[in-house]
Amino acid sequence: MVFGISMSVFAQVEEPSWLDADIRNAYYPQDNYYTGFAEVAVTQSETREKAMNKAKQRAIAELSDRVRVTVNTQKRSADISYMGTDVEERIYSKFTSLVQTTSQTEVVGSKVDSYYSPQEAMAYAFAYVSKNELKNYYQNQISFYLNQVESSLATAAELADKGYKMKARSECMAVVDAFAAIAYAQDLLTAIDGSVTDAVLQQSRSGRLRNELVQNIVDLENSIYVFLECSEMVNGQSVVHIADRLPGMLTEQGCGCNFTDIKEEADYVIKVNARLSRCQDAPDNIVFCYANATVSVLNTSTQKTLMPKISETKGGWTQRNRANATEEAFNELAEKIVEAVVPLIKN
């Protein structure tokens, strides 16, 4: 009879060298690393798994605290006294708040080693991050966020040129947070390397973009907001010939207005009901189409509504192309509407 004998083999985990403080300091010197160390005892109320997790969290927290203390003792990019409008003060206050919040988060790129000693029933954790790795990471972050800001400002400018200044303002406000990340990255780089240059920090570029952002928001807030309702009908069918063009045309004619998609935010509500009235064939294979519109302009402050008279417009086209003749009639109608509406808004 053959008996099978099973044996349990326990692998002995070697004690890591970083448990020794002298070795930690030798391999991870403070000039080159931020570190954190923690130990948690395993008790009846503290399982091994919980103790290990708690040790890791404490080690990371200690590392983060050291980074935060270092940054706070250096110059603070957001702690600058700004004098200006309420909008500027509100934006820069948010810069400061977000920099403080960002500095309390876990340090990017940090690594954590852990070890459990069965003899001592103790969980250990060691967190560390290379200052050089942090420098490279945050230099890239500055470029990334500044590129994001430039892209958003370009988009905002396009929206503003088309008259959609409420959307342009939202585009600007969306990147306010980016400047908090930029300010924190600049402060951290300064804390790590006291000789870091303004070129590396991109101070000039960030300052220029920040001032441009603030001025854009101020300009966009000091404007008249318009909500536009436009209905266009051709032979009983809903079409779009002028609705997309009217905001830009009104802006080009100096209405000084911004367009919003939220009716309750508007200073003026403009309603346009445009329609094709008829088409008529003419000699030489030409067709003429006619369009008219009713327009109302509501001042939401006074609750007064004005209804300017819009004369009928005509569009002609060869080959009796009614589609092109209709579009031409609507284009001329749009010009008539703009001519009638702009004085009502500017007054």
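The values are calculated or read from the model by the stated rules, or taken from the named source; none is laboratory data. Bear in mind the structure is a predicted one, so any value in this text is a computation, not a measurement. Cβ atoms come from the backbone with ideal geometry, glycine included; neighbour counts cover every protein chain shown. For the accessible areas, the whole protein counts, side chains as well, though only heavy atoms, and no ligand, DNA or RNA atoms are used. Shrake-Rupley method; radii C 1.70, N 1.55, O 1.52, S 1.80 Å.
As a length-normalised measure over Cα pairs under 8 Å and 6 or more apart, the relative contact order of the chain settles at 13 percent.
For a 4.7 Å threshold on C-beta separation, the list of partnerless cysteines in the chain reads 172, 230. Computed packing ranks the peptides 275-287, 247-259, 226-238, 300-312 as 247-259, 226-238, 275-287, 300-312, most packed first, by mean other Cβ atoms within 10 Å. Computed over segment 267-344, the P(r) curve from all C-alpha pair distances, binned at 5 Å from the origin, holds 3, 17, 23, 17, 13, 10, 7, 5, 3, 1, 0 percent per bin. Annotation for segment 193-254: trypsin sites (Lys or Arg not before Pro) lying in DSSP loop with at most 10 further Cβ atoms inside 10 Å of their Cβ do not exist.
Relative to the longest principal axis of the C-alpha atoms of the chain, give the angle of the C-alpha long axis of helix 322-346, reported between 0 and 90° and rounded to the nearest 10°. With rounding to tens, the tilt is 80 degrees.
Of the residues 240, 295, the one with the largest accessible area comes first in the ranking 240, 295, computed with a 1.4 Å probe on protein heavy atoms.
Size estimate for the chain follows the Kirkwood approach: the inverse of mean 1/r over distinct Cα pairs works out to 26.1 Å.
Thinking of segment 128-273 as a set of Cα atoms, what percent of all their pairs are more than 20 Å apart? Counting every Cα pair in segment 128-273, those more than 20 Å apart make up 58 percent. Starting from the Cα of residue 309, draw a straight line to each of the lysines and keep only those under 26 Å, dropping any in the same chain fewer than 8 residues away. Of all the lysines, those that pass the test against residue 309 - Cα under 26 Å, at least 8 places apart if same chain - are 162, 263, 271, 336, 346. Of all DSSP beta bridges confined to the chain, the antiparallel ones make up roughly 80%.
Given a 1.4 Å probe and the protein chains as shown, residue 115 ends up with an accessible area of around 20 Å².
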